[in-house]
1. Computed FRET efficiency, Cβ-Cβ of ARG154 and GLU318, R0 25 Å: what is it to the nearest 0.05?
2. Report the extension gain between ASP29 and THR396 in nm, rounded to one decimal, defined as 0.36 nm multiplied by the number of residues separating them, less their alpha carbon distance.
3. Please give the peptides 267-276, 109-118, 287-296 ranked by average Cβ packing (other Cβ atoms within 10 Å per residue), highest first, as a rough proxy for protection.
4. Excluding residues on the same chain fewer than 8 positions from LYS315, give the aspartates and glutamates whose Cα lies under 18 Å from its Cα.
5. Once you list every other residue whose beta carbon is under 10 Å from the beta carbon of ARG105, what net charge do they have if Lys and Arg are +1 and Asp and Glu are -1?
6. From the alpha carbon gyration tensor of the chain, can you work out the equivalent ellipsoid semi-axes (sqrt of 5 times each eigenvalue) and give them in Å, largest to smallest?
7. 7 Å from Cα along Cα→Cβ at both THR360 and LEU257: what's the point-to-point distance in nm?
8. Sequence neighbours fewer than 8 away in the same chain don't count; with that in mind, list the lysines whose C-alpha is under 25 Å from LYS349.
Amino acid sequence: MCLVLMSFLAFGINHKTASVDVREKVAFDVQRLDEALKALTLVSGVSEAVILSTCNRTEIYCAGEGMSVDVLLAWLADFHQTDLQNVISCSFSFHDQAAITHVMRVASGLDSLVLGEPQILGQLKSAYTSALEAKAVHGPLGRLFEQSFSVAKRVRTETAIGENSVSVAAAAVNLARQLFADFSDNTALLIGAGKTTELVARHLKQSGIKRLIIANRTLSRAQELSRLVGGEAALLGDIPDLLKEADMVIASTASALPILGKGAVERALKSRKHRPFFMVDIAVPRDIEPQVSELSDVYLYTVDDLKGVIDENVKSREGAAREAEVMVQEGYENFIAQLRASGVGNVLKLFRRQAEALQTQEFEKALSALRGGGDAEAVLKNLSRNLTNKLIHQPTVRVRRAAEQGQDDKAEWLLDLFNIQTTSDE
């Protein structure tokens, strides 16, 4: 019986391989994630799958046998109705060991735009939960994610990778400081009310922003976040009027279509007598139409533009990252050991079942002999002799046969399996 470990594959596009205009074309809408996961597990060779879709990456993690990257990339392009060659030219793929360590590195923040940023772990956990709910994870891939979360926790607690915390949200605020020396005279309009928006709001408050407005699709969520950060709540429909009052606009929603168009910004500029706008679009797909950047007096940045601001903060984390890489390697080795132990489980069950069948068979013979009036001592001797002979018969035959064929290692394995100590005379 051959013990075969499940194959693992990680593929997709991320901030290292593709610009935001490509990434937004293959971003998964949360409303269609369940549909996508179920469709993905029907692709030839795929047994399990998890889809991670954030502003910086669309990555797919699979487990199965005979999986084809070309077929899966074609599935990705077809699902999003986008050009296959465009996806292929910006894609990456990792197999087996590289795929396993990639998941662990992503969970630990080692593959993030901001080295060591903690948000990615929460995003990966959400992606895993979605896959569980869609019944797209049920075996080795699930164990990989559990091990990855364990590695990430160790990296977070045993290294300094999270110190001097910098996120995309903090980078956006740092970029705003280059245009506005003193936030105490400025108004910020934040579009969306998710975790990233909350981080942006907290950074702005710490920087002394005069006024903070949070516009969201649902007013209740905007009000909830506004209470937390000391801001004002509004609806997305209020944005055209609010633009006239805002100095900076930072957008981060999960909308599939742009929230803010060129026309609305153009009208607001006229009302403001062309007082400059600072805008950062953190969302993927983008919340602000790219054409807005064509307007004078508008400084529009995307997540890709934040990289330069972020790079300065990476150097302080490089030492911790080296420690984390060692932990990832240890996590990989532990995971493979777990898989191997799990894989041999069925073999051990068969072995035990066969031994128990022999034991039952000889016990019934002995019991029948005793009931027939046989001598108890003789019956017991016969039971132990027969059971021993039957248990060692096949191993003995196969070791002899292997020795005849020059396979002396089988004899060594027999000694090791039964913990038999030899002496120099034997």
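Where a number appears in this text, it was derived from the coordinates with a stated rule and is not lab data. Predicted, not measured: the structure shown is a model, and the values here were computed from it. Here the Cβ is made from the backbone with ideal geometry for all residues, glycine too, and neighbour counts use every protein chain on show.
1. 0.85
2. That works out to 126.0 nm of additional length.
3. Descending packing order for the listed peptides: 109-118, 287-296, 267-276.
4. Here the aspartates and glutamates satisfying the reach criterion relative to LYS315 are ASP111, GLU117, GLU163, GLU323, GLU325.
5. Neighbour charge sum, excluding ARG105 itself: -2.
6. The three semi-axes for the chain are 63, 22, 20 Å.
7. For THR360 paired with LEU257, the spin-label model returns 6.7 nm.
8. Candidates past the 8-residue exclusion: LYS365, LYS390, LYS410.
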